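Report on the structure given below.
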Amino acid sequence: MPARRLPAPPAPPVAATPMVFARVITVAYERNGQSPSRALKQAQITPSRLQQPDAHITARQMEVLSGAAMQELDDEALGAFSRKLPWGSYGMLARASLSAPDLGVALKRWCRHHGLLADDIRLRLVTTGHDDNKVAAITIEECTDLGRHGEAARAFCLVHVLRNIHGLACWYIASRIPLQGARFPFAAPPHADAYGLMFPGPLQFDAAQAEIRFDARYLALPLRRDEKALTQMLQRALPLTVLQYRRDRLLVQQVRQVLAAHPDQAHNASGVAALLNISTRTLHRQLKEESASLQALKDEVRFERAKDLLNRSDKPVKQVAAAAGFRNEKSFIRAFRQWSGVPPTEFRAIDPARVIHEAT
């Protein structure tokens, strides 16, 4: 009888958070005339390990240390601002935005209300671009010298605020919000590799100000949380800053955009997945969660492309078929008849609006 294979042990947690952030917290204790020993013990960080310049800790250790410090110092900003943010401040901000109709309104409220608690920074939500290429950015304007306690403290403050609001935004809509970039107004630190884990996407240091950027279409998504969910979340809110949501509620729109913009590269699932920087398996799973399929989206995009060419150009049907992604004219005519109820030539000759109405 063959020996029973035991399951592999779980992988140990990755220590990727730079120890310098833990040291920033201990300095906040010292400025407040308190000892960080209890919090360090809870986080299992020894004094000798704390002083190692290139050391790292796990996300769980950072969560434990930050949570203990926020309560013991009664300051959720961990000494970053000129006045404390008492324990419960960020929960109050989250609650004040919970009734917003969509994410954009919620984030604007959060940024405005944050300024009522701490005037050391000014947070803004801005959008640039147009149509499907709009980009949203959450920016931080430094109104006081955040580096008065050292550049490490300044960096930790900016990272802490951006991670907080990004995590909360994802939680509000129960969706992953991929970042299109993050910028920081200081030189790349020795632990710059950790920033790539905290802010996946293009990174820029020595920028004019701190900010994160993402697809502005997320701003139109409705909030999916209620008071009960908020109460449960606040019992352990800090993991929001490290939680990577699997589901992306904009995936269907993103797939449509990729299919329309890159027909040559997006002719199959692997090509679409590569353009979206996700695995093929993830692509199919998330589409299924959204009650969609890649083939249906491809047909939708090809149909729209074909209608546009038939209405706006005099190209022969054979050329329209090729431009819409079909290998031959016969298969295109058959598919177009299924979509609209009429062949392409007849579609050109009559009112397209009436054809679509009758087909649906």
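Key figures
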read-out: Residue check for residue 319: exposed (fewer than 15 other Cβ atoms within 10 Å of the Cβ) and assigned to a helix (DSSP H, G or I); value: yes
read-out: Set 57, 25, 45: member being assigned to a loop (DSSP other than H, G, I, E, B) and buried (at least 20 other Cβ atoms within 10 Å of the Cβ); value: 45
read-out: Test result for residue 85, under 20 Å from residue 157 (Cβ atoms), touching a residue at least 24 places away in the same chain (Cβ under 8 Å) and touching a helix residue (DSSP H, G or I) at 6+ places or on another chain (Cβ under 8 Å); value: yes
read-out: Evaluation of residue 147 against (1) under 22 Å from the mean Cα position of the chain (by Cα); (2) under 15 Å from residue 82 (Cβ atoms) (one fails), failing number; value: (1)
read-out: Subset tally (residues that are without any contact (Cβ under 8 Å) to a residue 24 or more places away in the chain and either of a type in the set (S, T, N, Q) or over 23 Å from residue 270 (Cα atoms) (or both)) for the stretch 284-320; value: 12
read-out: Candidates 91, 147, 167 - the one that is in the same structural domain as residue 225 (by TED's automatic domain parsing), of a type in the set (Gly, Ala, Ser), closer than 30 Å to residue 256 by Cα and assigned to a helix (DSSP H, G or I); value: 167
read-out: Test for residue 266: is it surrounded by 16 or more Cβ atoms within 10 Å (Cβ to Cβ), small (Gly, Ala, Ser) and in a loop (DSSP other than H, G, I, E, B); value: yes
read-out: Selected residue [without any contact (Cβ under 8 Å) to a residue 40 or more places away in the chain, in a loop (DSSP other than H, G, I, E, B) and not assigned by TED's automatic domain parsing to the domain that holds residue 57] from 181, 201; value: 201
read-out: Pick from the stretch 123-137, criterion part of a strand (DSSP E or B) and among the small types (Gly, Ala, Ser), ranking: farthest from residue 252 (Cα to Cα); value: 137
read-out: Criterion: free of Cβ contacts under 8 Å to residues at least 60 places away in the same chain and loosely packed, with under 15 Cβ neighbours inside 10 Å - qualifying residue of 123, 116, 50, 65; value: 116
read-out: Some residue of the stretch 8-17 being over 30 Å from the mean Cα position of the chain (by Cα) and modelled with pLDDT under 95; value: yes
read-out: Residue list for the stretch 36-77, filter: in contact with a His (Cβ under 9 Å, 6 or more places away or on another chain) and within 25 Å of residue 167 (Cα to Cα); value: 56, 66, 77
read-out: Tally of residues being surrounded by fewer than 19 Cβ atoms within 10 Å (Cβ to Cβ) and within 25 Å of residue 142 (Cα to Cα) across the stretch 68-80; value: 1
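The values are calculated or read from the model by the stated rules, or taken from the named source; none is laboratory data. Just so we're clear, the structure is a prediction, and the values are computed from it rather than from any experiment. Counting neighbours? That spans all protein chains shown, and the Cβs are built from the backbone with ideal geometry, glycine included.
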